[in-house]
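Please read the structure below before turning to the comments.
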Amino acid sequence: MKIKTTFLSFRTTTPVILAWFIMAMIFILPVISSAQQTNSEDHELREIQNITAPVKVDGTVLFYVRGITSFPAEKRAETISLRIIKAAKDHAISADSGKIIPGDDMLMIYIGDAFIMNVYESDAKIESVSQSTVAQVNLAKTQQAIKSYRNERSSPVMVQKVLYAAGAAVILTVTLLLLFWILKRLNIGLRNRIRSRIESMEDKSFRLIRSVHLWRAIRVVFRLFKIALILVIVAVFLQYILGLFPHTRSIAAYSLELILSPIISLGNAFINFLPSLAFLILIYLVTRYLLRLMKLFFTGIHEGAMKLQNFDAEWAMPTYKITRLIVIIFALVIAYPYIPGSETSAFKGISVFLGVLLSLGSSSFISNLIAGYSMTYRAAFKKGDLIQVGDQLGFVEEQKILVTRLRSVKNEEISIPNSLLLNSNIMNYSTRAKDLGLILHTSVGIGYETPWRQVDAMLKLAADRTEGLLKEPPPFVLKKSLGDFAVDYEINAYCNDASKMRHYYNLLHQNILDIFNENDVQIMTPAYEGDPETPKVVPKDQWFKPLSTEG
């Protein structure tokens with residue numbers, strides 16, 4: 001039992017001990033590191049790297065040093081900077097008491113008794129000079145840095161810089177007040193000068209362009225310009241103030257680098273992009289003028305100025321659209337490697353994502369697109385033709401890539417997807433009407449007691465009386481079937497205007513009814529079971545019987 005209790009106590013205290021150990025290392029290691037940074041030893045540089053780092057004091061670069069894998073150049077430069085600052089803070093050390101002590105394969109630089117750094121042969125390779133020359137230059141720059149460090153922190157200099165800062169603050173205040181006054185006057189002058197022009201522009205555009213909207217846009221642009229100008233002036237002022245004092249000079253250098261670095265990067269990127277930009281402009285110009293030549297060529301075919309064998313004029317513009325798309329895609333493929341960022345993973349990822357979205361969400365779009373061009377080259381119909389698709393009858397009003405619009409005989413608009421047209425039977429009434437004539441036909445059932453020759457003559461006479469039907473070729477009658485109670489006759493007559501087909505049918509039916517009534521012949525359609533007592537005809541004296549006026 002005692003052993004178990006001891007074991008549980010050990011398990012409980014172990015994490016606590018581990019936590020205290022980690023916390024101790026966190027606080028002790030920086031102290032040890034700081035002590036190592038200012039000792040009199042400098043790591044021997046045997047594994048030379050090409051990476052260098054600047055030694056800085058108060059944001060000013062003194063010289064550059066190299067590093068090794070175990071002691072990087074940044075760490076070495078920081079250590080040397082700390083030693084110089086430590087020596088500068090100790091006023092007991094004279095800045096002019098610098099000396100160079102030779103070592104085994106190095107030269108050691110001291111300021112008084114304070115060790116600063118070792119100079120190795122690899123350090124001399126940076127400037128391609130001798131090791132002793134590098135040591136002399138580094139010693140001189142170190143002494144000058146110590147003097148500047150002490151001078152800039154002296155009371156007279158600090159008072160002077162405070163006065164400079166106060167003067168700069170006064171100048172900033174006066175500048176901002178003057179700027180506000182100038183911008184206010186400029187805003188008033190701009191309003192008086194431009195408002196009348198904006199209002200006249202509104203009148204000329206028939207109020208499609210609103211003066212209120214234009215003036216609001218101008219004010220937004222003016223306000224953005226005002227804010228940008230103020231920010232630039234304040235940034236310059238802060239940069240100057242921070243650069244006056246050694247304690248904030250590094251902040252000033254960092255902020256300046258923060259502002260200039262993106263601008264410099266953009267400038268360098270733009271300069272490097274200039275050859276690719278020239279190539280992209282060349283591709284654009286070649287593609288543009290090639291498309292113009294293609295459009296001129298296909299427009300000539302479409303308007304009849306040029307003719308190609310076995311190539312209809314209606315195919316010209318759809319073919320131009322297809323070839324234009326091919327040329328644009330080919331130009332984009334050539335230009336793709338020269339587009340900025342085209343090689344990045346983000347650009348490729350977005351391209352793949354858009355491609356997947358297009359493939360998943362545009363299946364019907366692609367099918368209608370392909371069907372639209374297929375219908376064009378099938379030449380099944382053209383604009384103005386009277387066609388029938390399924391149970392839809394109408395005139396072709398518009399044929400687009402994705403959809404075809406019809407106008408029904410009742411003046412209704414019918415939109416039919418091209419994919420449906422591609423898979424449907426299309427009956428075109430207009431294609432052969434003008435050349436060979438469209439045959440209009442209608443059927444009547446006549447009893448066996450009426451001679452078929454008489455029925456033929458009456459039907460042909462009805463067709464001859466119908467205005468709009470052609471005399472040549474002459475109409476003809478077919479006996480379609482011999483039914484149980486009647487013979488099924490079909491009159492066929494030609495017309496050359498399919499758009500008036502329904503009107504012709506109406507006139508033909510009227511004439512058939514009149515002629516059969518005139519000759520006392522009963523139309524027995526659909527059928528009958530026995531002869532009625534009274535013939536089913538309308539006497540001629542009752543053809544124009546007035547309508548009843550009783551309510």
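Derivation of every value follows stated rules applied to the coordinates shown; laboratory data play no part. Given the structure is predicted, the values throughout are model-derived calculations rather than measurements. Every residue, glycine as well, gets a Cβ built from its backbone with ideal geometry; the counts of neighbours run over all protein chains shown.
Simple spin-label estimate for S342 and L179 gives 4.2 nm between the two label positions (7 Å along the Cα-to-Cβ direction from each Cα). Put a dot 7 Å past the Cα of V129, heading toward its Cβ, do the same for Q388, and the two dots end up 10.2 nm apart.
Placing pseudo-labels 7 Å out from each Cα toward the beta carbon at L186 and N310 gives an inter-label distance of 7.1 nm.
Using 1/(1 + (r/R0)^6) with R0 = 30 angstrom and r between the beta carbons of H509 and S415, what's the FRET efficiency to the nearest 0.05?
Efficiency, from the Cβ-Cβ distance: 0.40.
Placing a label point 7 Å from the Cα of K500 along the Cα-to-Cβ direction, the residues of region 442-469 with a backbone N closer than 11 Å are 467-469. Multiplying the residue separation of A169 and I100 by 0.36 nm and removing their Cα-Cα distance gives an extension gain of 20.2 nm.
The trypsin sites (Lys or Arg not before Pro) of region 460-521 meeting both criteria, a DSSP state outside H, G, I, E and B (loop) and at most 15 other C-beta atoms within 10 angstrom of the site's C-beta, are K471.
Peptides 265-271, 403-409, 177-183, 111-117 ranked from most to least packed, by the mean per-residue count of other Cβ atoms within 10 Å: 111-117, 403-409, 177-183, 265-271.
Distances between placed amide hydrogens fall under 5 Å for S97 paired with G112, all partners being 5 or more residues away or on another chain. Extension gain for D90 to I271 (0.36 nm times residue separation, less C-alpha to C-alpha distance): 60.3 nm. Remark: region 69-120 carries a charge dipole of roughly 160 debye about the Cα centre, counting +1 on each Lys and Arg Cβ and -1 on each Asp and Glu Cβ.
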